[in-house]
DNA sequence: TATTGTTATACTCTATAACTATA
DNA sequence: TATAGTTATAGAGTATAACAATA
């Protein structure tokens, strides 16, 4: 207990702690990704489609839990920035694929997120570290 | 690994898992608190000031990490609903105090959050459960 | 009929800048 | 000068409803 959580009576509640931890951690990640002008959701999409040439907007949204309506401005931004392109699958569907520029950017994204993940785990006391990911896996469908 | 995280290659990243877990869990809590017409931030404030008659808006914001500008509409809502009142400390500061009605509502809030916290912990595999809170405590200041 | 992708829209959350009044 | 509280505003994130075109 190196920190000031004693001053916050709510810090004993797992739900509250989850909210505070996620909020602080995601603000940190967002700031790091700002260096490559990406949002967290943008980076998630780029990482998800890294080796794929066949994922549609709908599929991406299903996996990442983004509404399809919200995929539209997200993908438009990435396309406008030259990171992805839309490749027709049939007359109804489009595959979302990394461009060469997107591939290069992904190298930077990998570097940023790898460092971020290492530092995140590093802030968790060693005795609890290995339990963190399996615990979280219970908390979303 | 009872769930579908195998289909999501990002699920191995602790940061991503933290984001997904917090998002799903907080959506659940928000829905439960909707029954008493409170937001998560509202309920946090009520729980924080439960036994206090001397906390100012600024102090509350510092503990819960809400900007003071964002405290204004939050407290206005709670005051309008009759859950809190403002008691002058001096000509500059106001104490934020539960009304009788706020005290009664807090009983319901405690019931909702207690059940929520139990179910949250229940979704974490037993072997990892005790490590969850101490791990989170490393992740915010 | 169901699905893909889209448009428009609205609500919540959070952050910043600028201001008043008081300590 | 520093602090408490406020106003206005903007950027994100997220949700719903309605729609066109195609499977």
Backbone N under 18 Å from the residue B:110 label point (7 Å along Cα→Cβ), restricted to segment B:60-86 | B:83-84
7 Å along Cα→Cβ, label-point gaps from residue A:27 to other copies, nm, shortest first = 2.4
For residue A:87, which inter-copy label distances result when the label point lies 7 Å beyond Cα on the Cα-to-Cβ vector, reported in nm to one decimal and in ascending order?
-> 6.8
May I ask for the Rg/Rh ratio of the protein assembly as shown, computed from Cα atoms with Rh as the Kirkwood radius, given to two decimals?
-> 1.03
Could you work out how far the C-alpha centroid of segment B:57-111 sits from that of segment A:105-141, in angstrom?
-> 36
Förster radius 25 Å - calculated FRET efficiency between residue A:7 and residue B:92, Cβ distance, rounded to 0.05 | 0.60
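Under the Kirkwood approximation applied to all pairs of distinct alpha-carbon atoms, what is the hydrodynamic radius of segment A:1-83 in Å?
Evaluated over segment A:1-83, this radius sits at 15.1 Å.
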Please state, as a whole number in µm²/s, the translational diffusion coefficient that the Stokes-Einstein equation yields for segment B:47-119 at 20 °C and 1.002 mPa s, with Rh defined as the Kirkwood radius across alpha carbon pairs.
-> 165
Give me the orientation-averaged projected area of the Cα convex hull of chain B, in nm², one decimal.
-> 10.2
Starting from the Cα of residue B:53, step 7 Å along the direction of its Cβ; do the same at residue A:126; then give the gap between the two resulting points in nm.
-> 5.0
The rounded separation in angstrom of the Cα centers of segment A:13-31 and segment B:15-29 is 10
Estimate the FRET efficiency between residue A:85 and residue B:76 by the formula 1/(1 + (r/R0)^6), using the beta-carbon distance for r and 35 Å for R0, to the nearest 0.05.
-> 0.15
Using a label point 7 angstrom from Cα along Cα-to-C-beta, what distances in nm, from shortest up, separate residue B:107 from the other copies?
-> 6.5
Share of Cα-Cα pairs in segment A:89-141 beyond 17 Å, whole percent, is 62
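Take every residue in peptide A:5-16, count the Cβ atoms of other chains within 10 Å of its Cβ, and give the average of those counts.
Numbers: counts 5, 0, 2, 7, 6, 7, 5, 3, 8, 11, 12, 10.
Mean shielding count: 6.
Each reported figure results from applying straightforward, stated rules to the coordinates on display, with no laboratory input. Everything quoted here is computed from the prediction, not taken from an experiment. In this analysis, Cβ positions are derived from the backbone assuming ideal geometry, glycine residues included, and neighbour counts consider all displayed protein chains.
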